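Enquirer: Shown below is the structure under consideration.
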Amino acid sequence: MYHPVAIAILITMFLPFGVSLRAADEPVYSGPQPGEALPQFSFRQVLSGPAGELLDPVRKAAGRPLVLIFIHDVNRQSIGFARVLSGYTHGRRSEGLSTAVVLLEDDASAGEAQLRRISHALTSEVPTGVSVDGREGPGSLGLNRNVTLTILVAHKNQVTASFAFVQPSLQADLPLVLKAVVDVAGGTVPDLEQLQGVPQKGRMVEQPGSVPNLRPLLTPLIRRDASVEDVDRAAKEIEDKAAADAAVKKELARIARTIVDSGKLENYGTKKAQEHLSRWAREFNKPESPQEPRR
């Protein structure tokens, strides 16, 4: 069995900063709900359009089907999800489906610069920009700043579906959004494997420079019922990955140090697992010694 405290702490390591854990059955809301009117608002364009020009996506859609993607926090999950969804909806633009992506950021200049830096990871042909209303977004929309993504689907200036994701998942959440899009735009819900950006097994390909997701590797290590052999086998796999990938090693060092410094090491698996975590916290956080010059 997994120790519940260990799992809770481990999960928080992968949550965006400022996002709290919620009970699985506690609903999360953001923005207008189905059946409510979709107010007009404007954002400052950065990609796909005159830079700095204000765009009102609701007015531009003129009652046609519309998908609005609000990015509250920029991370691998939110950007990957936005890219795949907007890639699909933009591919149906000739059928009258409109799309807009809006980053919510208090510092508009910093937000614009960030969008330009990650433009390669977005659907650059989709109108994308920064909210002129800061991190809270347009007051008329009532967005929830404690989520990672808010997605609104609308038709005839009325919201038909509203999604608030704390940890957006392509496998679990994207099919629900696609179904809502198809409900207003017609067609059939595509398989995930058919969408650009999603590999054969429906999992995102990590972008170069992104933080590696070590949860699948660490979970077997911290099982409370794992044998010594199981723990050593999991530890070897982790160390092999770390030896082959500097980003994995860096992230493993951070996680191990966080666990040890938390004072709750005893909550993480067996004594053997704790030995490995303590060793990684020591060894992988050591500054690398400069190489001696050749003689």
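Enquirer: Take Thr99 and tell me if it is buried (at least 21 other Cβ atoms within 10 Å of the Cβ) and touching a Gly at 6+ places or on another chain (Cβ under 6 Å).
Expert: Considered against the rule, which asks whether it is buried (at least 21 other Cβ atoms within 10 Å of the Cβ) and touching a Gly at 6+ places or on another chain (Cβ under 6 Å), Thr99 comes out as no.
Enquirer: A follow-up question, please. Name the residues in the range 246-279 that are closer than 18 Å to Asp232 by Cα and either acidic (Asp, Glu) or not assigned by TED's automatic domain parsing to the domain that holds Arg233 (or both), would you?
Expert: Glu266, Glu275
Enquirer: When both residues are 6+ apart or on different chains and their Cβ atoms are under 6 Å apart, which pairs have a first residue that lies in the range 243-271 and is touching a residue at least 12 places away in the same chain (Cβ under 8 Å), and a second that is exposed (fewer than 14 other Cβ atoms within 10 Å of the Cβ) and among the aliphatic types (A, V, I, L, M)?
Expert: Asn267/Val5
Enquirer: Within the range 138-183, can you find the residues that are assigned to a helix (DSSP H, G or I) and crowded, with 19+ Cβ neighbours inside 10 Å?
Expert: Leu170, Leu174, Val177, Leu178, Ala180, Val181
Enquirer: Please go through the range 87-101 and pick out each residue that is in a helix (DSSP H, G or I) and polar (S, T, N, Q).
Expert: Residues satisfying the conditions are Thr89, Ser94.
Enquirer: Is it true that some residue in the range 53-60 is crowded, with 19+ Cβ neighbours inside 10 Å, assigned to a strand (DSSP E or B), more than 22 Å from the chain's Cα centre (by Cα) and not small (Gly, Ala, Ser)?
Expert: Yes, some residue in the range 53-60 is crowded, with 19+ Cβ neighbours inside 10 Å, assigned to a strand (DSSP E or B), more than 22 Å from the chain's Cα centre (by Cα) and not small (Gly, Ala, Ser).
Enquirer: Within the range 79-86, does at least one residue satisfy the condition of being part of a loop (DSSP other than H, G, I, E, B) and assigned by TED's automatic domain parsing to the domain that holds Arg145?
Expert: Within the range 79-86, none of the residues are part of a loop (DSSP other than H, G, I, E, B) and assigned by TED's automatic domain parsing to the domain that holds Arg145.
Enquirer: May I pose another question? Working only within the range 102-116, note down all residues that are farther than 24 Å from Arg64 by Cβ and surrounded by 18 or more Cβ atoms within 10 Å (Cβ to Cβ).
Expert: Passing the criteria: Leu104, Glu105, Ala108, Gly111, Glu112, Leu115.
Enquirer: Considering only the range 215-259, state which residues are under 11 Å from Gly269 (Cβ atoms), assigned to a helix (DSSP H, G or I) and among the charged types (D, E, K, R).
Expert: Correct list: Asp230 only.
Enquirer: To continue, here is another question. Determine, yes or no, whether Ser109 is assigned to a helix (DSSP H, G or I), within 23 Å of Val177 (Cα to Cα) and either modelled with pLDDT under 95 or basic (Lys, Arg) (or both).
Expert: It is false that Ser109 is assigned to a helix (DSSP H, G or I), within 23 Å of Val177 (Cα to Cα) and either modelled with pLDDT under 95 or basic (Lys, Arg) (or both).
The values are calculated or read from the model by the stated rules, or taken from the named source; none is laboratory data. This one's a predicted model, so the numbers in the text were calculated from it and none came from an experiment. Positions of Cβ are backbone-derived with ideal geometry, glycine not excepted, and every protein chain shown enters the neighbour counts.
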